[in-house]
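These notes concern the structure reproduced below.
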Amino acid sequence: MSQSETYQNPEAPLPVTIIGGYLGAGKTTLINHLLRNADGKKLAILVNEFGELPIDADLIEAQDDKLISLSGGCVCCSFGNDLMAAMTDLQTMEPRPDHIVLEASGVAIPSMIAGSISIMNGYRLDGTLVMVDALNIRNLSKDTYLSDTVARQLTDSDIVILNKADLVEGEELTAVGEWAGQISENAKLLPATNAKVPLNVALQNFDRLLSAQGGHHHLLDGYVTQSIELTDQVDPQDFAESLLVENADLVRAKGFVYDLDGAMKTVQIVGNRIDVSPAPAGVKPGMVIICLTKTGMA
Amino acid sequence: MIKIYSARKILTMKSSQPTANYVAVRDGLILGAGDLDSLTGWGEYELDDQFSDKVIMPGFVEGHAHTMEGTLWRHTYCGYFDRMDPDGKIWPGIKTKEGVLERLKQAEQEITDPDAPLPGWQLDPIYFDNERITRKDLDQISTSRPIGVLHASGHIMNVNSKALELGGLLKTGLNHPGIPLDAEGLPDGELRGPDVMTPVAVHVGFGRDFLDCDERGLRDFAKLCVRAGVTTVTDLAARLQDEAVEMLLRITGEKNFPACVVPLRFFHGLTPKELVEHAEELLSRSTERLRLGRIKIVSDGSIQGFTARLRAPGYYNGAPNGLWYVAPDQLREIYALALDKGLQVHTHTNGDEATQLAIETLEGCLRVTPSPDHRFTLQHCQLADEAQFRKMSKLGMCVNLFANHTFYWGDEHYNLTVGPERAAGMNACATALGNNIPTAIHSDAPITPLAPLFTAWCAVNRITASGRVQGENEKISVDDALRIITLGAAYTLHMDDEIGSIETGKRADFAILEEDPTEVDPAALKDIPVWGTVQGGRVFPASGI
């Protein structure tokens, strides 16, 4: 590949989800969980190094220094000291991955990684998930050396996963959630046990949902999806904001709306972050939202 | 065959015999130093008078450098200060932005391949009022050839439109703190930080792995060593993949390769366990001129880049605290594993919070794994205060201070980063020595030039680029400075038993000087001409390499 081709790609941008959080929060467990429940999606996992990512042997089809090929078309790459080179390699990989999941190092500031992704052609930031260990995050946040790093990670997140929720008493979990919510005011807080977060919540995965019939559908572990019919012309940004106001437990949303000029727009929501962009040709209006149910919050 | 060299004076660094006039060498080892009578008993010898009017010191030991400087010299030098290239040519420093553009223009005209990039290096706009070089300035030189100029810090680059285009960044709508935009909404050509530099740097002649040295670069770097009197040099952030190790073994093993190279395995892209295993495996591949098996960790960023970790009250200009480049738990894991294996770790700590973390972490690990002679070394350690030095002393730590910083960025630290009081106490050589801490001082070449006599001058005089003395009470004596650029640095590498002084049984590594550094005005220490070196008994005149 010539260098001039390096950062060009004519295809649709590859979505990238950043998974941040300090050591021991469960980032690796989440990634393993996503790989085992990839639902036909070809995930490309980018990790700083392989050593910390034990993948079940039966999933591994081939492995070399830089790449582990997994069943179902998923791969895992270590980027070592060159994230951009690794990302570029994924663009040209056959078959092309559907989604990149980037596991940040324990002290990385997610917005800095997001900044790097934003300048590369051919990628789209899907969202930033920050994993915390619900049991000890508040202690960690008082650590002399780490308090500001923890706060920056939480501030940068679209979704905070309060992992190990089963190890924390109900009231304490609520208190941790309130505490985290004050710092990460733009994020949605989701409790999880053993990092079991549904794929559709962790990553944008709406294709099947958008083509399904309307109504309510229960996802696993306390999430519900809802289809919204919509044919009126709206201001997409205002519309998305109203969705967030009306659905306090909304975690993700995606759909297509006619804007006030009658042009079709894609509206995506991750946490409280709204992204409006021109829609691809041939799509029908309508939205799907994913919300946390009350049982999920317990 | 025994050779006895006569000298005007030999500064041995051996306490029981500080000076001599003769040194006897056999098979690359020193038989002894003293007067002629004390040496002739070793047997038949040849008296060599070529250094009879020179001053011989132990070969200098540079404890913190990067061999990549050898590679950088293939690019156009754009620095503010005069600097000698591997062939001995002195490139005059450029004092204005126009001058930089003029030099790049001349270099451009010498390139015959129309598509070849034009890379420059060592730009430092702080010396001309921070006037930046823009994409449009560089477009005046060429719009068809990619141009990029790397700053002295190594963390910022200025590029032309063609380079931005090739890197996919010549577009509007970018929103990144490292990419300032111009009035047209396009990048103005300055790229701040490795993340934004990398996609463009590959197009302007800085390879992806430009921190790594190649074969020619290593040979060129060794020439710089000879010109600076250096016989042992570290490469402080090497990844040491198999191919690189084989190259290093091959080049350093060449008959006339004039230095001993000590590359440290850099913690990046592998787990603590893998790191320690790799270092241990590398240790067994060491040769006389390639010493492997040491570990390097970078714990924070730089002070002038505001990425160093500072304790309260933080940065003088109110900038937010910097970044951790290693998680505290990983640092602890590496220290614990390395102590267990008897491997040495050097930790980059610029800010005092990073220093504190390293100290506390090591203290905890030493309680579990007592290691009387670990010599874990803090590299840079620029903002350590007296309490930290006292603690380091108790823990048996070593320090390698960035003495050159006082000259190059001292004014910046005084005015902007840490303010007058802390600036005066930065790189506190006197405090370190006063606490009996084994101390070295360094250049961090290519960040500043490889020249231990200049580094010694910095520690002795503490003069900033603007001519102020910064930190009168942290000045050290010439004798102390000479000791720490030889035996001091050797100690931080666990090599003081074989290099760093001129005495029986040590390797015949000498710096050959035209003048006596203990006799010249301390203000002239940096100006002493270096004739060349002797390394492992092999003679390398600077004029002949």
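What number of residues within region A:56-67 satisfy the criterion of being among the aliphatic types (A, V, I, L, M) and farther than 17 Å from A:T29 by Cα?
Residues flagged as among the aliphatic types (A, V, I, L, M) and farther than 17 Å from A:T29 by Cα within region A:56-67 amount to 2.
Any idea how many residues of region B:521-545 are basic (K, R) and within 24 Å of B:R216 (Cα to Cα)?
Here the count works out to 1.
Within region A:114-124, does at least one residue satisfy the condition of being within 22 Å of B:G301 (Cα to Cα), within 14 Å of chain B (Cβ to nearest Cβ) and not in a helix (DSSP H, G or I)?
Scanning region A:114-124, I find no residue that is within 22 Å of B:G301 (Cα to Cα), within 14 Å of chain B (Cβ to nearest Cβ) and not in a helix (DSSP H, G or I), so the answer is no.
Name the single residue that is nearest to the other protein chains (Cβ to nearest Cβ) among those in region B:329-339 being surrounded by fewer than 24 Cβ atoms within 10 Å (Cβ to Cβ) and under 25 Å from B:D235 (Cβ atoms).
B:Q330
Name the pairs whose Cβ atoms lie under 6 Å apart, with the first residue in region A:72-90 and within 14 Å of chain B (Cβ to nearest Cβ), the second hydroxyl-bearing (S, T, Y), and 6 or more positions between them or separate chains?
A:M84/B:T198; A:T88/A:T6
Output the strands (runs of 3 or more DSSP E) that fall wholly within region A:199-298 and possess 2 or more residues being modelled with pLDDT of 90 or more and small (G, A, S), or say none.
A:250-258
Please note which helices (runs of 4 or more DSSP H) are completely contained in region B:192-283 and include at least 3 residues that are within 14 Å of chain A (Cβ to nearest Cβ).
Once the helices (runs of 4 or more DSSP H) in region B:192-283 are filtered for at least 3 residues that are within 14 Å of chain A (Cβ to nearest Cβ), what remains is B:194-201, B:242-252, B:272-283.
Which one is nearest to the other protein chains (Cβ to nearest Cβ) among residues in region A:91-106 that are touching a residue at least 24 places away in the same chain (Cβ under 8 Å) and farther than 30 Å from B:P328 by Cβ?
Once the filter is applied, the top-ranked residue is A:Q91.
Within region B:440-465, take every residue that is assigned to a loop (DSSP other than H, G, I, E, B) and over 15 Å from the mean Cα position of the chain (by Cα) and give me the one that is nearest to B:P92 (Cα to Cα).
Looking at the filtered set, the residue picked out is B:A465.
Identify the single condition in (1) within 20 Å of the chain's Cα centre (by Cα); (2) surrounded by fewer than 24 Cβ atoms within 10 Å (Cβ to Cβ); (3) not hydrophobic (A, V, I, L, M, F, W, C) that B:P258 does not satisfy, given that it satisfies every other one.
Failing condition for B:P258: (2).
Basic (K, R), at pLDDT below 95 and either buried (at least 20 other Cβ atoms within 10 Å of the Cβ) or touching a His at 6+ places or on another chain (Cβ under 9 Å) (or both): is that true of B:R239 in this structure?
In short, yes.
Just for strands (runs of 3 or more DSSP E) wholly inside region B:469-545: which have at least 3 residues that are touching a residue at least 24 places away in the same chain (Cβ under 8 Å) and touching a Gly at 6+ places or on another chain (Cβ under 6 Å)?
So the answer is B:510-513.
When region B:370-384 is examined, which residues are found to be surrounded by 16 or more Cβ atoms within 10 Å (Cβ to Cβ) and of a type outside the set (G, A, S)?
Correct list: B:H374, B:R375, B:F376, B:T377, B:L378, B:Q379, B:H380, B:C381, B:Q382, B:L383.
In the list B:G168, B:G185, which residue meets the criterion of being assigned to a loop (DSSP other than H, G, I, E, B) and at the interface with chain A (Cβ under 8 Å from one of its Cβ atoms)?
B:G168
Can you tell me which residues in region B:153-165 are away from every other protein chain (no Cβ under 13 Å) and in contact with a Ser or Thr (Cβ under 8 Å, 6 or more places away or on another chain)?
Across region B:153-165, the qualifying residues are B:S153, B:H155, B:N158, B:N160, B:S161.
So how many residues does region B:143-160 have that are outside any strand (DSSP E or B), modelled with pLDDT of 95 or more and crowded, with 20+ Cβ neighbours inside 10 Å?
Final tally of qualifying residues: 2.
Only one of (1) surrounded by 23 or more Cβ atoms within 10 Å (Cβ to Cβ); (2) more than 10 Å from chain A (Cβ to nearest Cβ); (3) touching a helix residue (DSSP H, G or I) at 6+ places or on another chain (Cβ under 8 Å) is not met by B:N350, so which one is it?
Exception for B:N350: condition (3).
The values are calculated or read from the model by the stated rules, or taken from the named source; none is laboratory data. These numbers come from a predicted model, not from an experiment. A quick note on method: Cβ atoms are made from the backbone with ideal geometry, for glycine too, and the neighbour counts reach across all protein chains shown.
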